[in-house]
1. For the subset of the stretch 37-52 comprising residues that are over 20 Å from the mean Cα position of the chain (by Cα) and modelled with pLDDT of 95 or more, which member is farthest from Leu14 (Cα to Cα)?
2. Would the stretch 39-51 turn up any residue that is of a type in the set (Lys, Arg), crowded, with 19+ Cβ neighbours inside 10 Å and closer than 20 Å to Val152 by Cβ?
3. Give me the pairs: first residue in the stretch 1-25 and farther than 13 Å from Val120 by Cβ, second residue open to solvent by 80 Å² or more (accessible area, probe 1.4 Å) and not aliphatic (A, V, I, L, M), beta-carbon distance under 6 Å, and six or more apart or on different chains, which are they?
4. Going by the structure shown, is Glu13 open to solvent by less than 50 Å² (accessible area, probe 1.4 Å), modelled with pLDDT of 90 or more and in contact with a Phe, Trp or Tyr (Cβ under 8 Å, 6 or more places away or on another chain)?
5. Quick check on Ser32: is it closer than 20 Å to Arg182 by Cα and of a type in the set (S, T, N, Q)?
6. Within the set of pairs 6+ apart or on separate chains, which have a first residue in the stretch 180-205 that is within 20 Å of Cys18 (Cβ to Cβ), a second that is open to solvent by 60 Å² or more (accessible area, probe 1.4 Å), and C-beta atoms under 9 Å apart?
7. Can you run down the residue pairs with Cβ atoms below 8 Å, 6 or more apart or on separate chains, where the first is in the stretch 96-110 and among the aliphatic types (A, V, I, L, M) and the partner is assigned to a helix (DSSP H, G or I)?
8. Out of the stretch 84-132, which residues are among the charged types (D, E, K, R) and at pLDDT 90 or above?
Amino acid sequence: MTDHYHIRIYESELETICDETFEHQDIETGGSLYGLFSHGGSATVFLATRPAGEVVRRETALELDPEVARVVESGVWTTFGLQSLGMWHSHHWIGLFEPSSGDLSRARGLAAKAQRLRHVEILANFVHGDGAAPQQRSRRPWRREPSGDAVVRLTPFFYPDVARSERAEASFAVIPGESPIRKEAARLELPSGVGSALLREAGSQARSRYQLGTSTARPGSGPADGREDPPVRPALEEPRTPAPPGPDVAVRPDAAGAVRPDVAGDPRLEPIPDPAAFLEKYLNPLLHRSGHVAELRPMGDQLICVVVRGHRHRANFRYTLAWDGRHPFVWAASIQADRQSLDWIPRAPEERYLLPRVFLWGIQNLQGQ
């Protein structure tokens, strides 16, 4: 894929995104993007909103109020003739500069609801003033950095066909000044108290506290329709921050292709050295094309609980991962629906290291709920 797309956006909207990100440095935040697509497919963003209404913000998860989104989308279309282009959200100090598999699943859902293929995502990350990414630390590296030179790096991602996970090269083309839609946004008929939060303007400091990034293309991987099994493939690299040395174990490939250490008894817990890299290497390949949405819940510095939800299912698959100093392994896994719970029980200690196999167990049982 050689196409390069420019995401045109007004300065006022970049400043709003930057301002909102600075106000929530320890949790995710975000909002919607409204504008127009050109004949060539590029997008122009006229309005970037803040979250409003019943919003759920966690360290690594964001849920916007669907009713507010529905009212605003209807209002901007009726009043200004603008459509939903996608959304923006922050990864604050996590150090994850790419959309996660959960972000991509959400993008597919938004695009499907709007009956369109194209989708725009803007990601906001904190970096130091010199552009350097935050240095990862062994204990809760997603926590706020003390440095006062922080700026927000804003990166556009453009999907010509989000249903197939097809991503093109993208960069910003900034339109100077304030968006004419923001100037006229008071004309929107919004529920009481929503408009003031949704359309609040940025403070003056936001202008000098962001920098613009670019994104690369990635080929599509086929439709994610929920009928395919998650791909079973090994993680080829360990997280980029070295962990404390663990016990010497012989490693052999499992029949499913996973890395399988020979262990005796339960593996020991070590601090997860780099949670963002850990998720990218070991969890996201399992979620890829599974058609499910995942929510990350850090549990100290040794465990990460991932709640996987299936579309149209009320059940949750809770997949708790840990680190033994050299390898990722499954601490616990269960399916929870209503007041019932089905637990995964390893038949042998080494099964804890078969992440693809345990994940497949969860997805299969999730689909049966």
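1. Looking at residues that are over 20 Å from the mean Cα position of the chain (by Cα) and modelled with pLDDT of 95 or more, I get Ala43.
2. Yes, the stretch 39-51 contains a residue that is of a type in the set (Lys, Arg), crowded, with 19+ Cβ neighbours inside 10 Å and closer than 20 Å to Val152 by Cβ.
3. Note: pairs meeting the criteria are Glu11/Pro176; Glu15/Arg207; Gln25/Arg144.
4. Considered against the rule, which asks whether it is open to solvent by less than 50 Å² (accessible area, probe 1.4 Å), modelled with pLDDT of 90 or more and in contact with a Phe, Trp or Tyr (Cβ under 8 Å, 6 or more places away or on another chain), Glu13 comes out as yes.
5. yes
6. Listed pairs, sorted by first residue: Arg182/Glu201; Leu199/Ala186; Glu201/Glu178.
7. Close Cβ pairs (under 8 Å, with a partner that is assigned to a helix (DSSP H, G or I)) amount to Leu96/Ala276; Leu96/Leu279; Leu96/Glu280; Leu104/Val162; Ala107/Val162.
8. Hits for the stretch 84-132 are Arg118, Glu121.
The values are calculated or read from the model by the stated rules, or taken from the named source; none is laboratory data. These numbers come from a predicted model, not from an experiment. Every residue, glycine among them, receives a Cβ derived from its backbone with ideal geometry; neighbour counts consider all protein chains shown. What goes into the accessible areas is simple: the full protein's heavy atoms, side chains included, and nothing from ligands, DNA or RNA. Shrake-Rupley method; radii C 1.70, N 1.55, O 1.52, S 1.80 Å.
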